[in-house]
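These notes concern the structure reproduced below.
Derivation of every value follows stated rules applied to the coordinates shown; laboratory data play no part. Computed from a predicted structure; not experimentally measured. Counting neighbours? That spans all protein chains shown, and the Cβs are built from the backbone with ideal geometry, glycine included.
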Amino acid sequence: MALVEPAGTVAKLCADRVAVPIHGALARESSRYPLTEFGFEATLRRVLRVVDRAKANGDLRLAIAGRGVVDGRPTIVLERRLPASGVPGTYPDALMVLQLDESTLLPVAIHSYRDAAGKELLGEYIVSDVQLNPRIPAGAFKL
């Protein structure tokens, strides 16, 4: 279970937080991946699993596409291109554009597309206002 803020003004009038099953239907509707796969390490592991599988299959096309900016910070832009597969589960996307923060090399933006042209967006993950090792007071989280 995860405690989340309810969406919508009416829902927020009823409760300031709601318990939602992490692997439940509601969680699957709002994200391609469960909360247990959230974070920098989990994101990089997921990307690398697909890279390893595509490389082993001879399908991997990975390139530095240039530089970008996310949240005012310079990034290195990588593109991973994979064949569009008719086999479900072979690859999660045909094109993934990954932006790594230049100074930390953390993944701060990922755009996944069903097609190689980047027209059909499957998922977009952007991390902004990154603060590593912030000092959070003990009472900041309420249960």
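A few remarks follow.
- Theoretical gain in end-to-end length, THR36 to SER128 [0.36 nm per residue, Cα-Cα removed]: 31.1 nm
- Relative contact order [Cα under 8 Å, 6+ residues apart], the stretch 37-131, whole percent: 19 percent
- For the stretch 74-143, trypsin sites (Lys or Arg not before Pro) meeting the loop criterion (DSSP other than H, G, I, E, B) and having at most 10 other Cβ atoms within 10 Å: LYS119, ARG135, LYS142.
- Three-way shape label, the stretch 30-75, alpha-carbon gyration tensor, a/c 1.5: oblate
- Gyration tensor verdict on the stretch 50-143 (Cα atoms; rounded if a/c is under 1.5, prolate if a/b is larger than b/c, oblate otherwise): prolate
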